[in-house]
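The values are calculated or read from the model by the stated rules, or taken from the named source; none is laboratory data. On a predicted model such as this, the values are computed, not experimentally measured, just so you know. Note: ideal-geometry Cβ built from the backbone for every residue, glycine included; neighbour counts use all protein chains shown.
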Amino acid sequence: MAAIPSDRQEALGQSEIFLDFQDRLSKVAPVDRPVLLLGERGTGKELAARRLHFLSRRWEGPLVTLNCATLSPTLIESELFGHERGAFTGAEGRRIGRFEAANGGTLFLDEIGTIPMQAQEKILRVVEYYFFERVGSSAQVEVDVRIICATNADLLALAAQGKFKQDLLDRLSFEVLFLPPLRRRGEDIMLLARHFGSRMLYELGIDEVLRFSGEAKRSLESHRWHGNVRELKNVIERAVYRAGSGRIDRIEFDPFVSPFDELPDPLAQKVGSDTEKQSRREEDLTGGFRGLVAAYERQLLRQALETSRYNQKKSAALLGLTYDQFRGLLRKYRDRLDAA
């Protein structure tokens, strides 16, 4: 089954801070000047750039994008401005750059803070005088391009350190739009979660209504979302895929957590003398009521793990606990589960 097309559908939100950002974006879109988009990774800077282009008077022209961080300093000038045949080893013919390709439209430069100083000089000339020279040529090429830039770097700090041209920063920042991080967008978290989850159900061919348990919803709303919308999308799609249904009871934020890290080693359980085990029993008793409760919890954990052959998910189900509750108890008692 084909996926639902168009990434532009993911620029969703109803929170006040998100709607305010969209209002500011819509206001500057028709103004034919550079715009600088600042925001954390995963906040949707490329989606914002696309919206700026399609709301502008250049919407029928090309929208050309370039992630500056993906190119080496030796290649970025050729990529931006093109080159002539023989300009360098391997240049077998003339090639137009991104500026020429964007003529009459918009050029979106992502990760602008990574561009080397020499290329910054040439970009500044294009912004000011609307012409440049291809690499290996002295002939001037005139272009009509609106520039939109984005970064999560501190350009003011880079300029102060001499790593970014202050003149270029001044010219690119006709308007500076700060994309709000997801953790500040309140109700948008569940709105986006339902959007991504429903779309994943469609992709998997699961004909069910998406439902989140109270615990899953609380986990999503309290998470810090350092990866913002991109992180949320991955988390929700993974949750739907693993659940295999529209019912999402728990959320796993980190896919790199090994299920074996906190399992007690069955061989290590055999180690330890009867004297050590007896002293631990006595320690539990001297701890009073809390000690007895702790000992009983460890006994239940150990029995569940042995019954399920150390499968944590099955162990949690045997004890009537959620997976997160079970792992919390394992962390609490991990060093003492070998007690008899």
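A few comments on the model shown:
- Counting the residues of the stretch 30-67 that are closer than 18 Å to LEU19 by Cβ and of a type in the set (A, V, I, L, M) gives 5.
- Considering only residues in the stretch 184-231 that are of a type in the set (D, E, K, R) and under 11 Å from SER245 (Cα atoms), the one that is surrounded by the fewest Cβ atoms within 10 Å (Cβ to Cβ) turns out to be ASP207.
- With respect to (1) assigned by TED's automatic domain parsing to the domain that holds PRO30; (2) surrounded by fewer than 17 Cβ atoms within 10 Å (Cβ to Cβ); (3) of a type outside the set (Lys, Arg), the lone exception for LEU172 is condition (2).
- Filter result for ARG125 (without any contact (Cβ under 8 Å) to a residue 60 or more places away in the chain, assigned to a helix (DSSP H, G or I) and under 14 Å from ILE148 (Cα atoms)): no
- Looking only at residues in the stretch 128-154 that are in contact (Cβ under 8 Å) with a residue 12 or more places away in the chain and among the hydroxyl-bearing types (Ser, Thr, Tyr), the one that is surrounded by the most Cβ atoms within 10 Å (Cβ to Cβ) is THR151.
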